[in-house]
Amino acid sequence: MRNLDFRGLSSSEAARRLAQYGPNEQPRAPPPGVFAIALRTLKEPMFFLLASAALLYLFVGDLGEGLFMVAGAGASITLVILQELRTERALEALNRLAEPTAICRRDGVERRIPARDLVPGDIILVGEGERAPADALLIGGDALTVDESLLTGESATVTKTLAGERTSAELPDPGGEQTPFLFAGTMIARGSGLAEVVRTGARTAMGRLGASLAAIESEPSPLQQRTGRLVATLGVFALLFCVLVFLAYWRVHGDWFEGAIAGITLAIGLLPEEFPMVLAIFLALGAYRLARRNVLVRRSSVTETLGATSILCVDKTGTLTQNLMRVAFAVADRDEAVDSERRRLLIRAALRASSANPVDPMDRAVHAFAADAGMTPEGEPVRSFPIRPDLLAFIQCWRDQSGESYAAKGAPEAIFKLTRLSYEARARLEIQVGDFAHRGLRVLGVATTAPLPHAPPLETASFDFAGLLAFEDPLREDVPAAVAAARRAGIAVAMVTGDYPATALAIARQAGLDVEAGAFTGAEIAATPGELLPEKIRDLRVFARVTPTSKLALVEAFKADGQIVAMTGDGVNDGPALAAAHIGIAMGQRGSDVAREAAHIVLLDDSFASIVAGVALGRRIFANLRRALTYVTAIHIPIAGLALTPILMGLPPLLLPPHVVLMELIIDPTCALVFESQPNEADAMLKPPHRRDEPLFGLRDLWLGFAQGFVVFLAVMSVYVIDNGLGAPEPQARGLAFATLVVSNLVLALSDALPRGASLFARENLAFWLVAFAASAMVAASLYLPIISELLRFEPPTWPKLAVALTLAAIAGSWYGVWRRLLDPAPHAQREDAVLTVDLR
């Protein structure tokens, strides 16, 4: 065999080879640059309208106004580019977090490293449910069964055998039985072993195809697609209104230039081009914020669903518990181990029934227990038999100097059945198992066969009972508080485990789950007709001895009962249940690649508290996004109304394209910065989840935006009409009305964005005050700097008029916020019973 010591490379040699061969990553398209983003932005209807207005001013109207329009359009494009780059940086950070990892031996020590850091010559551990991280030679462990369909298109799996000392490191094309060659991206369907990396990065078979499996899916969410279609439709209507206003103004007033300007202004006001930008930024930055809480979103559409979760179905091991398995008790044969020979037989059998290269926490615990006892398996594995639904035990055949024998480890009832124990012996052992289970210990039975020159077929082998192993896995410290927080938020928590029912109930009690209805087993799930299962499990929260098939049935039953289901999983067979759940959550540290690829979310720290924190953040994203879209709707009502109404009333135009450009320079950063950064309301996790069929931006929100915008429109239009009626010059009335519009816009933004009970001067509102300061400076310059006021056709109003107008603006912008706070006052910051050890803001 190659590399007999299996110690792997030294860190210094690995670093040298990484510099020589480069990172082990597949070719990826570079992120869009500034030029590509600018070109994409210029194709939007908004910038077509701005460009049209600029050209009209430059070639027909005033040169200064034309240059101002060009500068304003340039500034607006720059803002869009900056926001797009911010979004791209967030997505790039998510892709880095989504990069696969590998267990590698360096300096003789096993460590998990990013797969991109692998180099030729590294020794890696590969196991069931994982994708090979590089092209490699199988040099130790079991014979593997591998799915190479990604590269060959063949659905049938192929068998891999160990490489010999003379095996060439030149890898052939993928395909073929009984070869030692593993190819990057292929899936280990069965077995585990050691492999030596031969080729990495673009030199692998997958690299030559340019395939990538780990990237975050960045396709538009359904909401983004619907919004894109809405904006495109509104764009067509806006252009149609532009043409109609142009023709009507030209016919009535005989001035085609002013008619064109009026039509373009109305079209810009009617077009809510911020919708797609707001959605893209919120979903990307929301996913980034979730990743900072160890919740990695693989599909952006799940961000819209996360806050609606009504039931969390979670694994016990590693999610509710610490996944720090250790053998707490070993019971040899039928009595507490006092006979050292029987104890040694139990430990050796358990060791032989565990993977030689352990990845599973229980196998690791068995190896550690054996090492403490100074024992080794003595021999080599011949073949293995994985757990089956009808036999919940892992069996291996070993060969040593005395011959071949089987060793089995699994659920006690499976081992009892395998050993054909007498009724009396089984009854005594079941009492012992129940005692361990009620203490929250996970119990496995162990059996072995007598050695023979050649082991008989498994079906005819005669197993002898060797004993019981009881494993201890402490509850995570933050779980009880997180479970309590979920239940206060109206989210049910169900534990789904393969453990013994008594063990499951004991852990569930410690975690604070509802155990009043008892435990429901996988066998009972399978025996219940599908149409009756939703009602049967409605009040159950502990599910034990659950198989992957039962998990899928649970998901479908909870969905049929009207629940929004989040399901966790880590195993090879959990893929269907994760894909069927509204939110599939894979474990990032111990989950298989199959589970991660099927899931919507990857939990980077495998912690239940992170799931609850993710739900809280999902509610925050949903609420802030709804407020932002309402604000965008509200602010476009007065812009469109003020562009059209003066023309219909026979008054001089109030808004011109340069004014709308200035408004856009305020609206864009307000949407992208102010609303996105707001925290949850204090009682966000004291309310039940919103319905999944509740639209993010529905008819109620549309009417609310219209009402808020219409009040602002009435206020600004009143200022303009009254000031004109009092004999004020047209530029002065226009300047006063524009100042009213800007201030009411700022007050409206703060009123809509600010959560109830939040301070105006909280750190999260820094972006608003920066935008407000810049907007106030812009208004002051436009009114009182002659060179700018002339370009914008403004004159400074008197101070008394300005004070009255700004007061009216504050009232018009804040009325809804004040009304909302009076009707539904904020709760005290955090009630004592709502305090959590995890941050849920």
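Things worth noting here:
- Just so you know, the Rg over Rh for segment 561-631 is 1.08, from Cα atoms, with Rh as the Kirkwood radius.
- Set the Cα radius of gyration of segment 516-661 against 2.2 N^0.38 Å, with N its number of residues, and you get 1.71.
- Largest-first principal axis extents, alpha carbons of the chain, Å: 112, 61, 46
- Cut-off 13 Å between beta-carbons: net charge of the residues surrounding Asp360, Lys and Arg +1, Asp and Glu -1: -1
- Per residue, segment 397-544 exposes 43 Å² of accessible surface when a 1.4 Å probe is rolled over the protein heavy atoms with every protein chain present.
- Mean Cβ count within 10 Å, highest first, over the residues of peptides 493-506, 252-265: 493-506, 252-265
- Helical segments meeting 20 Å axial Cα length and Kyte-Doolittle -1.0 threshold in the chain (DSSP H): 45-59, 63-97, 222-253, 256-270, 274-292, 423-438, 608-648, 699-725, 730-753, 766-784, 799-823
- Net charge over other residues, Cβ less than 13 angstrom from the Cβ of Tyr631 (K, R count +1; D, E count -1): -3
- For Gly490, net neighbour charge (Lys/Arg +1, Asp/Glu -1) across residues whose Cβ lies under 13 Å away: +4
- Taking GluC sites (Glu not before Pro) across segment 336-435, the ones in a DSSP loop with at most 14 further Cβ atoms lying within 10 angstrom of their Cβ are Glu336, Glu378.
- Kirkwood analysis of the Cα pair distances in segment 434-513 returns a hydrodynamic radius of 15.5 Å.
- Partners for Lys559 among lysines (Cα-Cα distance below 25 Å; same-chain residues under 8 apart left out): Lys316, Lys536, Lys551, Lys687
- Largest first, the extents of the alpha carbon coordinates of segment 278-329 on the three principal axes equal 57, 23, 13 Å.
- Packing-based ranking, highest mean first, of 814-820, 603-609 given that Cβ atoms within 10 Å are counted: 603-609, 814-820
- Calculated FRET value between Ile722 and Arg487, using beta carbons and R₀ = 56 Å, to 0.05: 0.50
- Across the alpha-carbon set of segment 346-385, the Rg to Rh ratio works out to 0.93, Rh being the Kirkwood radius.
- Taking 0.36 nm per residue of separation and subtracting the current Cα-Cα distance, fully stretching the chain between Arg820 and Phe48 would add 274.0 nm.
- Taking the average, over residues, of other Cβ atoms within 10 Å as the packing measure, peptides 554-563, 769-778 rank 554-563, 769-778 from highest down.
- For Val295, residues with placed amide H under 5 Å, excluding near neighbours: Leu604
- Here the Kirkwood formula, the inverse mean of 1/r across different C-alpha pairs, assigns segment 412-478 a hydrodynamic radius of 13.6 Å.
- Pairwise Cα separations in segment 629-707 fall into 10 Å bins from 0 onward with the following percentages, short to long: 15, 32, 32, 14, 7, 1.
- Solvent-accessible heavy-atom area per residue, rounded to whole Å², over segment 631-700 at 1.4 Å: 32
- Projecting label points 7 angstrom from Cα along Cα→Cβ for Ala36 and Ser776 puts them 4.2 nm apart.
- For Val198, residues with placed amide H under 5 Å, excluding near neighbours: Gly121, Asp135, Ala136, Leu137
- Sulfur and carbon atoms: percent of accessible area, the chain [1.4 Å]: 60
- With a simple spin-label model that places each label point 7 Å from the Cα along the Cα-to-Cβ direction, the separation between Thr807 and Glu380 comes to 9.4 nm.
- Using the Cβ-Cβ distance between Gln401 and Glu13 with R0 set to 41 Å, the FRET efficiency works out to roughly 0.65.
- Rg over Rh for segment 241-354 works out to 1.60, using Cα positions for both radii and the Kirkwood form for Rh.
The values are calculated or read from the model by the stated rules, or taken from the named source; none is laboratory data. Quick caveat, the model's predicted, so the values are computed rather than measured. Note: ideal-geometry Cβ built from the backbone for every residue, glycine included; neighbour counts use all protein chains shown. Surface accessibility is based on the protein's heavy atoms, side chains included, excluding ligands, DNA and RNA. Shrake-Rupley method; radii C 1.70, N 1.55, O 1.52, S 1.80 Å.
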